[in-house]
Amino acid sequence: VSNDGRKALRMLLQDGQLQLSSRGYESPLRPVAQQRFYGADDRDLIVFSRSTRNPGAVELQRSSEPDMPYRRVPTWSPAPQDLSVYAGTYRSEEIEIPYRISVQQGNLVVTTLKWNTGVPLIPMAQDLFTSKECGYVRFTRDSGGRVTGMTFNGYVVDLRFSRSD
């Protein structure tokens, strides 16, 4: 997860090949040196390093985002019943269209006028989801742990929604 909590990358090992998963896309990584890999287009250098802020942790740095280090977090695979806390209607002061979040066939789905059939959201970390269409969706909670809003980061940055139900 990026240090600002807006983005997440998933590193996968498939058939002996390290893969980068981001926003619903997967791309093989090509090793170029110890702890250094290039993405599929050879333009994004990914460097793994030990964290100076958190001993024992591993950080990831992308050349395409030089000021955005990522930190390792535990894998989060929610059960369908865990997703129901996010279900509801969300509204933004910036746009007039409500966004509806629901659980369908065990997946969290966002529905709007544009995405009337629904877009499945892929869990990346607790309260952080992604999809090709939406970018990253981070749910926000109040001090009691209740989900009160969400923020979209992708084609727009910090598009904020409040839960309206």
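Calculate the length of the line joining the C-alpha centroid of the range 1-42 to that of the range 115-165, in whole Å.
22 Å
Over the Cα atoms of the chain, each weighted equally, I'd like the Debye log10 I(q)/I(0) at q = 0.09, 0.15 Å⁻¹, rounded to two decimals.
Result of the Debye calculation: -0.34, -0.88.
Given H placed 1.01 Å from N in the peptide plane, which residues other than close sequence neighbours of residue 159 have an amide H under 5 Å from its amide H?
Result for residue 159 returns 152.
Could you derive backbone 3J(HN,Hα) for the range 99-104 from the dihedral phi with the Karplus parameters 6.51, -1.76 and 1.60 (θ = phi - 60°), listing whole Hz in sequence and x where the residue is Gly or Pro?
Using θ = phi - 60°, the values come out as 10, 10, 10, 9, 9, 10 Hz.
For the chain, what is the charge dipole size about the Cα centre, in debye to the nearest 20, if Lys and Arg each add +1 at the Cβ and Asp and Glu each add -1 at the Cβ? Mind showing how you got there, number by number?
Working: 21 positive and 18 negative charges, 59 e Å.
Approximately 280 debye in magnitude.
Quick query: amide H of residue 141 versus all other amide H atoms, modeled in the peptide plane; which residues come in under 5 Å with a sequence gap of 5 or more or a different chain?
So residue 141 has HN proximity to 148.
Residue by residue, what Karplus-based ³J(HN,Hα) values in Hz, rounded to whole numbers, does the range 19-33 have, using 6.51, -1.76 and 1.60 with θ = phi - 60° and x for Gly and Pro?
Those phi angles translate into 10, 9, 10, 8, 6, x, 10, 10, 9, x, 10, 10, x, 10, 6 Hz.
Residue 108's amide H: which non-local residues (gap 5+, or another chain) put their own amide H closer than 5 Å, with H modeled 1.01 Å from N in plane and none for Pro or chain starts?
121
Based on the alpha carbons, how large is the Rg to Rh ratio for the range 86-165 when Rh follows Kirkwood? Intermediate results must be reported in sequence, preceding the final value.
Details: Rg = 11.6 Å, Rh = 12.6 Å.
Across the range 86-165, the Cα-based Rg/Rh ratio is 0.92.
Taken together, the values in this text are just the output of simple stated rules run on the coordinates, not laboratory data. Nothing here was measured: the structure is a model prediction, and the numbers come from that model. Cβ coordinates were reconstructed from backbone atoms using ideal geometry, including for glycine residues, and neighbour counts include every protein chain displayed.
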